[in-house]
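No value in this document is a laboratory result; all are computed from the given coordinates. The model shown is predicted, which means the values in this text are computed figures rather than measured ones. Ideal geometry is used to build each Cβ from the backbone, glycine not excepted, and the neighbour counts take in all protein chains shown.
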């Protein structure tokens, strides 16, 4: 029998993930800071929770999909939070992208009450959330993952346990370093070609099949050329991820020079009011320096 699932955090990513669970036949109780997303899922058959505590009291597996470390702490550890309602033997799956040490802190508090936890951040952005093809990086106990694997399989194309609690978010930080640096490199390359008078669509077709080709280029180059910066993953959230990566690098004694540079570029874009744009708009930083825009001929 399928477990009753609670889902807290119905943003760009969380809402389609919750929808996919409902389509797969899971009974969902949902809660979100703002009401419209809750009402939308209620119309599709979800039960509405009155608080994070209420959601936890009514379910066996509680999934959280929140913006940052502080949000996960408040929702899970705070007043009327998940741990005030969770029963011994229930499982929290925090799919937020947060600092690994915060995942471990939350997990330690949950363990005192007999509540299990996985940190399971995702990659793939809104399109993969909608299609159920996310890459899910999991930290936690193997037996807990085994219990929850059918649930995660609904939302993800790949589900990989990468280590103990906190390891999922460490791997997500590694993922975000690669994505940010890749978008920045795509931006430099396409701005260079545009300034040289070459149609960026032809650049894309010429190099996408070679070593420079990547999932990042496939997803972001068309958006850049179409001047479409509607968010699949917001600049401000990537800034948060790189901030957490730099903090983790400091804790571990790992210099991250390119990460630091891209973080400064993103900071400049935030100051220009571009924080709600898709992270493909990292290219805008290079375009501003070169006084040219990458767009189809």
Note to self: Using the Cα atoms of region 245-297, I'd like the radius of gyration and the largest Cα-Cα distance, Dmax, both in angstrom.
What the structure shows: 13.8, 47
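Hey, with R₀ at 22 Å, roughly what FRET efficiency would residue 112 and residue 247 work out to, going by the Cβ-Cβ distance, to 0.05? The partial results should precede the final answer.
Details: r = 26 Å, r/R0 = 1.17.
Efficiency, rounded to the nearest 0.05: 0.30.
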Item checked: residue 188 paired with residue 149, simple spin-label distance in nm, labels 7 Å along Cα-to-beta-carbon -> 4.2 nm
Note to self: Can you tell me what share of the DSSP beta bridges in the chain is antiparallel? A percent to the nearest 5 is fine.
What the structure shows: 15 percent
Notebook entry, point to check: Any idea how far apart residue 258 and residue 198 come out in nm if each label point goes 7 Å out from Cα toward Cβ?
Noted result: 2.0 nm
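Please report 220, 172 as a ranked list, fewest other C-beta atoms within 10 angstrom at the top and most at the bottom.
Working: 220 25, 172 28.
Starting with the residue having the fewest Cβ neighbours, the order is 220, 172.
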Checklist line | For the chain, average projected area of the Cα convex hull in nm² | finding: 15.9 nm²
Next item on the list: Evaluate the relative contact order of the chain (contact order divided by residue number), counting alpha-carbon pairs under 8 angstrom at least 6 apart; express in whole percent.
Entry: 14 percent
Next item on the list: For residue 48 and residue 33, compute 0.36 nm times the residue count separating them, minus their Cα-Cα distance, and round to one decimal in nm.
Entry: 4.2 nm
Next item on the list: With springs only between Cα atoms under 10 Å apart, run a GNM on the chain and tell me which of 250, 87, 53 wobbles the most.
Entry: 250
Margin query: For a quick check, take a GNM of the chain with Cα springs below 10 Å and name the residue from 140, 78, 25 with the largest mean-square fluctuation.
Written below: 25
Check: In whole Å, what is the distance between the alpha-carbon centres of region 195-246 and region 27-81?
Finding: 33 Å
Next item on the list: Using only Cα atoms, figure out Rg for region 5-165 and give it as a multiple of 2.2 N^0.38 Å.
Entry: 0.92
Next item on the list: For helix 215-225, report the angle its Cα long axis makes with the longest principal axis of the Cα atoms of the chain; keep it between 0 and 90° and round to the nearest 10°.
Entry: 60 degrees
Next item on the list: Averaging sequence separations of C-alpha pairs under 8 Å and six or more residues apart, then dividing by the length of region 5-165, give the relative contact order as a whole percent.
Entry: 20 percent
